[in-house]
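Inspection log for the structure reproduced underneath, given as structure tokens.
The values are calculated or read from the model by the stated rules, or taken from the named source; none is laboratory data. Everything quoted here is computed from the prediction, not taken from an experiment. Heads up, the Cβs are rebuilt from the backbone with ideal geometry, glycines too, and the neighbour counts pull from every protein chain shown.
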Amino acid sequence: MNSAGLSLEQAPPFSVPLRFFLTAPWFLVLAAALLAWRGPEVFASRWLPATLALTHLLTLGFMAQVMLGALLQMLPVVVGVVVPRPRLAAALIHIPLTLGALVLAVAFLNGSPAWFQGALGLLGLGFGTALIAVHLALWHAPVVSGTVIALRCALGALMVTVGLGLALGGFFGWGFSLPVVIVTHLHTAWGLVGWTTLLVAGVAYQVVPMFQITPPYPSAFVRGFAPLMAVLLVAWSVLTFGDWETAARLTGAALALGVGLFAMTTLYLLTQRRRKIGDPTLAYWRTSMASLLAGALLWLLTPWVPALAQAPQVEWLLGILLIFGFAVAVINGMLYKIVPFLAWFHLQAQLLGRAKVPTMKQLLPEVRIRRQFWAYLATLLLLLVAAVHPSVLTYPAALALGVTGIWLGVNLWAVGWTYRRILQDGLAIAPVRDNQVMRG
Ligand code: HEM
């Protein structure tokens, strides 16, 4: 995404992605509050209601929130197709997704079918709107680049994840009969490997070379990785469902290798950066990819190493590495690129020649990004150790998670607030441009 490739006519109003970006960090804070409230018991099993609530505060409230907001922003730029009625689409996704994530968390905690039914209605509406809006845009893409291919695979995977999630919710809400454990495994894999990893890959093909000034990803990788992973996921799902254990294990190993290959390729490209001045978001990319690689290795080894297969903490470590280490880190880093850039871009486009527009670094000083990174990293390490020694470290981990969430939220709100103030000041001296200013 750069100013040369983005025109004001193409770009949706700033409020469209911003509402998602400003909401998401507070779900980290809610997750921290839940962890502090339930304490070390959360780490007793991945199937506990509090654990499932915590998982979805992160996967829906934080991850899906930012990923869908970013897609609404990116599609016109990367794919060249405008999502129709962007403000309405954003509201119809953002409000039900936010409420749905909250209601689902409460449903897990109190186990009431009525709350599950409410959550499913809200999440069905939010994801239904998102899937229709984004699919329509993606299938009309004039040029089918590697990114478009990966985004299509990611969106297909989101459809499967949400379908399985709704079915699981139906089990709790209406008593649907289904093999819950297998369906949960499939839902988890499609959510973390299909939706999350393939979306991050599709975005990485564009932004890693552009923002980190690296060579491009190999073109065969760009075109082949996502479709291959999607085919493997389908094969793994069929084999798992049909209880073909060895074949499913081998396909699972191939999936883990694929994920590891993406992480290693990205880490390698980051060593080839042509600009030697450190970029503050580089640390997020490195941490994210190192966590993904560690998660892939753990996933690869667990079925074959009895000591790991029998250790209950392994599932926890895997979940923390993939959700908090991989996804939350890369999203946190990307937010620091996207939000100041969009604020600068919309100010520039609307106040050019009328008022002085601050640079991106003035909108969000690098020092704030670097400091929040240390809070993020401390949280990741504390969570990993807490999974093994919950009685000692659960509360410090919860506190660190709360701090990193608030810090991210405050940093992003500060950009939004400065944007509004400068726009209003500009408006005061340039009343002629009222109509255009309101677009922001
Ligand atoms: C409509 C949206 C969704 C609904 C209704 C939903 C519902 C559920 C339910 C009911 C379970 C628990 C199954 C059980 O206890 O047996 C579950 C597990 C899980 N879901 Fe979702 N989900 C949704 C979206 C997502 C997304 C988008 C992701 C990830 C990106 C995700 C990740 C997970 C994970 C990782 C687990 C397993 C948690 C664990 O084992 O502790 N979910 N989901």
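Here are the numbers:
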quantity: All helices (runs of 4 or more DSSP H) inside region 267-357 with 3 or more residues being without any contact (Cβ under 8 Å) to a residue 12 or more places away in the chain and not aromatic (Phe, Trp, Tyr); calculated: 306-309
quantity: Checking Met63 against (1) modelled with pLDDT under 95; (2) buried (at least 19 other Cβ atoms within 10 Å of the Cβ); (3) within 16 Å of the ligand (Cβ to nearest atom), the condition it does not meet; calculated: (1)
quantity: Residues (within 30 Å of Val42 (Cβ to Cβ) and more than 17 Å from the chain's Cα centre (by Cα)) located in region 66-101; calculated: Ile95, Pro96, Leu99
quantity: Pairs where the first residue, in region 48-61, is within 13 Å of Leu30 (Cβ to Cβ) and the second is of a type in the set (Lys, Arg) and within 8 Å of the ligand (Cβ to nearest atom), C-beta under 9 Å, 6+ apart; calculated: Thr55/Arg46
quantity: Filtered residues of region 306-335 (kept if within 12 Å of the ligand (Cβ to nearest atom), more than 20 Å from Trp407 (Cβ to Cβ) and small (Gly, Ala, Ser)); calculated: Gly319
quantity: So Thr147, is it near the ligand (Cβ under 7 Å from one of its atoms) and touching a residue at least 12 places away in the same chain (Cβ under 8 Å); calculated: no
quantity: Subset of region 78-90 that is surrounded by fewer than 17 Cβ atoms within 10 Å (Cβ to Cβ) and either β-branched (Val, Ile, Thr) or without any contact (Cβ under 8 Å) to a residue 12 or more places away in the chain (or both) - its residue that is nearest to the ligand (Cβ to nearest atom); calculated: Leu88
quantity: Residues that are in a helix (DSSP H, G or I) and aromatic (Phe, Trp, Tyr), drawn from region 163-180; calculated: Phe171, Phe172, Trp174
quantity: Test: residue in region 92-115 that is away from the ligand (no atom under 16 Å from the Cβ) and crowded, with 24+ Cβ neighbours inside 10 Å; calculated: no
quantity: Selection from region 228-256 of residues that are out of contact with any helix residue (DSSP H, G or I) (no Cβ under 7 Å at 6 or more places or on another chain) and part of a helix (DSSP H, G or I); calculated: Val231, Val234, Val238, Glu245, Thr246, Arg249, Leu250
quantity: Unique match (being touching a helix residue (DSSP H, G or I) at 6+ places or on another chain (Cβ under 9 Å) and within 20 Å of Gln212 (Cα to Cα)) among Leu322, Leu347, Leu384, Leu335; calculated: Leu335
quantity: Residue in region 385-396 that is touching a residue at least 12 places away in the same chain (Cβ under 8 Å), under 29 Å from Val207 (Cα atoms) and among the hydrophobic types (A, V, I, L, M, F, W, C) present; calculated: no
